[in-house]
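All remarks here apply to the structure that follows.
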Amino acid sequence: MEAKGWISGDESAKEMLGRVLSRARPFLLLPPLHRVPLRPRNVLEIVGPSPSAKTHLLIQAALTCVLPVDWNGVHYGGFDGFAIFIDLDCRFDIFRFSHLLKLRLASGSVSEIDREQNNNTIKRSSIAYDEELYTLCMRRFSYVRCYDSFEFLATLKTLHYRIQKEKAYGNCVHMLLIDSIGAFHWIDRASTCLPLRGSNRKSHSVQTVLETVVQEIRKLLLLHPMLAIATKATLFGNRAMNEAKCRNLRKPDTSYSQIGGITALQLPYREYMPSAWQTFVTHRILLRPSDDHLAVSDDQNHSVYFSEWLLPSLSFLDKFIVKEAGVFLVA
Amino acid sequence: MAPLKSLEQEYPILDSNFQSFCASHDIFSVEDLLLHDLYVLAAFAEQESSSERLKQGIAQVLSIIDGQHQPWLNGIELLEDAQRNKHVLSTGCEGIDLLLHGGLRVGQLTELVGPSSSGKTQVCLLAASNVAKKHIGSVVYLDTGNSFSPQRVTQFICQHSDPAIDQAKHRTLQKVMNNISCKSVFDIFTMFDVLHQLEFNLRSQMQGGDCKVQLLIVDSVSSMVTPILGGSGSQGIHSWHALMISAGYLLKKLAHEHNIAVLVTNHTVGGDGGISKPALGESWKSIPHVRLLLSCDHGGSICNVSILKHPSMAVGKAARFMIHN
């Protein structure tokens, strides 16, 4: 009897695919994050110097997360879930978030905003949007600030219960956003704890803090499938990049590849996070400002940024600018 | 790093049995608990004789930890707080006000970068006198280079008033000057002292009243940090970064939690290719909300200010202004 039960199986292949694909559909995020499909339980690291529009990408991802798929006949293409934003940089501007959300709601789809923007400047007061949907989306955005790594750890340890409480109301959390993961690096690095009793007492160093952070996030992702995106500021300046540029110019045959006219230069950046975090990250994208500027209209000069996927390593660069309505790719 | 023992009085479930159980796992304080896996600890507690009580103790500790981070807010609550408390303070300088859509925003850290004698201190004094006079709020001015000049502040305040009414003018002047409190700070440790004292005063103060601190000026933050730069070996440099960033976070915390606009000044150093760049390096770049570059024409009083970084405005936007004598 039991052996027969083993062979007959629990479900057919069709049923299994139907179950798995409906839950784990890949997230299609807005450009420049669109090149690689991201799934729940992926950990994406957006790394770049300051400023390079990292927080803008995070805000854009949060907006896509809280918007519904359809509402009153308009297609928004969102993920219809909650987004959790842990602000370690403590520089989040809610007015900017609110403005971007209103612009998205007013136009329905992203391409329409671009066309409208080029025709005229959008006045803040004259945007027509659905109030009810706006309030719903703003309520789906959960925000907390952390002023040091103890507060960060305390937040992570109690996040599970918070997410469970939301689930009890029928709300799913789809994204965990952290800005930025290396914020307390110097403070933790310099703090030395002399163990008073017991030689096995864990000291508050960068290593142990980040190992605990990774542990907690890993547990959270296991219990609640969501996409984790963290920004990271490069702590060591452009000197390393300039030296690499000079080196590469002298030896033209190394690490140059031209695809479609855009030169992909594998510029190094120095990794300073402990290996626990480095191995935890499943995807990595590098942003940096370019020297070009794009003149959109007479008085507006936007700086162009490069984005390069490091993990998985794609050998071309995307160019994008940050306009009033958000991040847009430049051809 | 309060030891667990100190919590026993308030939470009797964290008794000596719980403390010795934690000690056997090298946990002596709540901070140690933050670095440990609580599920693993609960699994260990299962094997003890008093497992139920121990697990209740762990649950109690978790609720203590829940009170140790900042409160969760949703988008609507954040927006309401920002609209109610995070208004804009005019600097008294039209060019800067126009560039920043109104002036210095409460809750944000604004940094003025510029070479020496580019007008940074003048802008600080002007902002201090303007806020003290027009916004009926008090100003805290931390001065590192003995550059605070009461005479200059008096000039700014009396600029626009009617010269005929002397008596009333004198009284207003007194009141406004009383609202600006200037402290000389020459090193970063004194600054930490002053800021912690300010935080304590603000937390214990009653809400309302017209002596509420609206603006905090630190002139200049770079001259306070650079003396430590010559520390011995690599340890010295790490401490410098850590102190600088801790100071930045303390300023941001004061700004957001107590609804103050913070203005700091920074000087420039030579960078790659001879182009000057702001001092304090790469790690300081992500501390301020807004970074402005200031430069003054030789001899003239016309200054140029441009945006280096802003949460919602394009880099490079510039404006010109004049500081009257």
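The values are calculated or read from the model by the stated rules, or taken from the named source; none is laboratory data. Computed from a predicted structure; not experimentally measured. So basically every Cβ, Gly included, is an ideal-geometry build from the backbone, and we count neighbours across all protein chains shown. For the accessible areas, the whole protein counts, side chains as well, though only heavy atoms, and no ligand, DNA or RNA atoms are used. Shrake-Rupley method; radii C 1.70, N 1.55, O 1.52, S 1.80 Å.
Couple of notes before you dig in:
- Residues of the range A:4-61 that turn out to be at pLDDT below 80, under 14 Å from A:Phe328 (Cα atoms) and surrounded by fewer than 22 Cβ atoms within 10 Å (Cβ to Cβ), as a count: 2
- Conditions (1) over 32 Å from the mean Cα position of the chain (by Cα); (2) more than 14 Å from chain A (Cβ to nearest Cβ); number of the one not met by B:Leu7: (1)
- Taken over the range A:115-149, residues that are farther than 16 Å from A:Thr64 by Cβ and either charged (D, E, K, R) or modelled with pLDDT of 80 or more (or both) amount to 16.
- Taking the conditions (1) farther than 22 Å from B:Ala255 by Cβ; (2) in a loop (DSSP other than H, G, I, E, B); (3) not aliphatic (A, V, I, L, M) in turn, B:Asn304 satisfies each one other than (2).
- Any hit, the range A:69-84, residues being out of contact with any His (no Cβ under 6 Å at 6 or more places or on another chain), acidic (Asp, Glu) and within 19 Å of B:Asn74 (Cβ to Cβ): yes
- Every residue from the range B:28-63 that is over 23 Å from A:Arg218 (Cα atoms) and either within 12 Å of chain A (Cβ to nearest Cβ) or polar (S, T, N, Q) (or both): B:Phe28, B:Ser29, B:Gln47, B:Ser49, B:Ser50, B:Ser51, B:Gln56, B:Gln60
- Residues of the range A:161-172 classified as touching a strand residue (DSSP E or B) at 6+ places or on another chain (Cβ under 7 Å) and either open to solvent by 10 Å² or more (accessible area, probe 1.4 Å) or part of a loop (DSSP other than H, G, I, E, B) (or both), total: 3
- Residue satisfying condition, being within 19 Å of A:Leu220 (Cβ to Cβ), out of contact with any Gly (no Cβ under 7 Å at 6 or more places or on another chain), within 14 Å of chain A (Cβ to nearest Cβ) and at pLDDT 85 or above, within set B:His25, B:His69: B:His69
- Where B:Gly102 falls short, out of the listed (1) more than 30 Å from B:Ala132 (Cα to Cα); (2) within 14 Å of chain A (Cβ to nearest Cβ): (1)
- Pairs linking a residue in the range B:73-86 that is within 8 Å of another protein chain (Cβ to nearest Cβ) to a residue that is open to solvent by 20 Å² or more (accessible area, probe 1.4 Å) and in a helix (DSSP H, G or I), with Cβ atoms under 6 Å and 6 or more positions apart or on different chains, are B:Asn74/A:Arg139; B:Ile76/A:Arg139.
- Residues in the range B:9-22 that are in a loop (DSSP other than H, G, I, E, B) and closer than 18 Å to B:Leu41 by Cβ: B:Tyr11, B:Ile13, B:Leu14, B:Asp15.
- Applying the condition of being in contact with a strand residue (DSSP E or B) (Cβ under 7 Å, 6 or more places away or on another chain) and at the interface with chain B (Cβ under 7 Å from one of its Cβ atoms) to the range A:139-160 and asking which residue is most open to solvent (accessible area, probe 1.4 Å) yields A:Arg139.
- Flag for A:Ser257 being open to solvent by less than 60 Å² (accessible area, probe 1.4 Å), among the small types (Gly, Ala, Ser) and either at pLDDT 85 or above or touching a strand residue (DSSP E or B) at 6+ places or on another chain (Cβ under 6 Å) (or both): yes
- Whichever residue in the range B:197-229 is in contact with a Phe, Trp or Tyr (Cβ under 9 Å, 6 or more places away or on another chain) and open to solvent by 20 Å² or more (accessible area, probe 1.4 Å) and, among such residues, is modelled with the highest pLDDT: B:Ser223
- The one condition in (1) of a type outside the set (S, T, N, Q); (2) within 19 Å of A:Arg41 (Cβ to Cβ); (3) modelled with pLDDT under 55 that A:Ala228 fails to fulfil: (3)
- B:Asp26 being on the phi > 0 side of the Ramachandran plot and over 34 Å from the mean Cα position of the chain (by Cα): yes
- Residues of the range B:266-289 that turn out to be open to solvent by less than 10 Å² (accessible area, probe 1.4 Å) and touching an Asp or Glu at 6+ places or on another chain (Cβ under 7 Å), as a count: 2
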